[in-house]
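Beneath this line is the structure, given in structure tokens, with notes to follow.
The values are calculated or read from the model by the stated rules, or taken from the named source; none is laboratory data. The shown structure was predicted, so the numbers you read here are calculated from the model rather than taken from an experiment. Here the Cβ is made from the backbone with ideal geometry for all residues, glycine too, and neighbour counts use every protein chain on show. Heads up: the accessible areas ignore ligands, DNA and RNA and are worked out on the full protein's heavy atoms, side chains in. Shrake-Rupley method; radii C 1.70, N 1.55, O 1.52, S 1.80 Å.
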Amino acid sequence: MAYDAEDTRRRIFDAAAAEFAEHGLAGARVDRIATAAKANKQAIYLYYGSKEKLFAAILRAKLEEVRDSVSIDPDAVAESVGQMFDWYREHPELIRLLLWEALEACDEPGESERERRDAFREKVGQLVDSGAVGHLPEDARVRACQDLLFTVMGLISWNFAVPRMCRLVLDEETEQAALARRRETVIEVARRLATAPGAPAARAPE
């Protein structure tokens, strides 16, 4: 059977994603990745260069995946937040990878950081186009939408970053029931945050 380089890369990627999500960068072992991928260690270094570069490549790919899968619909911001919640529920490994990145202070190439920043700026632009925080002066809307995006991301991700606390605090019989209720709450909060308030009430005559 002919050697399939792309299939080998895919198996390495999938095995490494699971290994890093479970053990982080420092705790991950290249030999375990190779065994799970049914590949040799040399192939890992050949395709990715180092364990650190492999971690960065996986995190970059996962962020690109969520960016491509979920966009903010200017006409339905709250519904877009619901779709984002569903994506993270189906891909909890991204939250774990981001937590490991934060804990281990992984340095990443400047170009990769610029790519991530540009992706978030794109979503901020979608919020601006939606008319979110439209009650603010124009020069303040971008900053306010940056804050809104980061707040919504926190509202979503915390549900998957600490699943045990989610179950305990929400006091539901099942995790599914807790997450279903949390999804509706996050959508409603996002709707309220994104909706510009009405005009101020007229002041009563003195």
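Some notes on this structure:
- Sorting the segments 136-143, 59-66 by their residues' average number of neighbouring beta-carbon atoms within 10 angstrom, most packed first, yields 59-66, 136-143.
- Long-range Cα-Cα pairs in the stretch 107-192 (distance over 16 Å), rounded percent: 63
- Sulfur and carbon atoms: percent of accessible area, the chain [1.4 Å]: 53
- Eigen-decomposition of the gyration tensor built on the alpha-carbon atoms of the stretch 3-42 gives equivalent ellipsoid semi-axes of 18, 10, 6 angstrom, largest listed first.
- Pairwise FRET efficiency - R89 versus L168, Cβ, R0 = 22 Å, nearest 0.05: 0.75
- Straight-line cross-link reach from K41 at under 20 Å between alpha-carbon atoms covers these lysines, not counting any fewer than eight positions away in the same chain: K51, K53.
- Positive contributions from Lys and Arg (+1) and negative ones from Asp and Glu (-1), summed over other residues with Cβ under 14 Å from the Cβ of R191, come out at -3.
- Eligible aspartates and glutamates near K38 by straight Cα distance, threshold 13 Å, same-chain separation 8 or greater: D4, D7, D14
- Under 24 Å from K123, Cα to Cα: lysines that are on another chain or at least 8 residues apart: K62
- Derived scalar couplings ³J(HN,Hα) [the stretch 69-83; Karplus, 6.51 cos²θ - 1.76 cosθ + 1.60; whole Hz; x for Gly, Pro]: 7, 10, 10, 8, 6, x, 8, 8, 4, 4, 5, 4, 5, x, 5
- With all protein chains kept in place, the per residue accessible area of the stretch 14-121 amounts to 53 square angstrom at a probe of 1.4 angstrom.
- Across the options P137, S112, T185, the greatest Cα extent toward the positive end of the charge dipole of the chain (unit charges at beta carbon of Lys, Arg, Asp, Glu) belongs to S112.
- Net dipole in debye of the chain [+1 Lys, Arg Cβ; -1 Asp, Glu Cβ; about Cα centre; nearest 20]: 400
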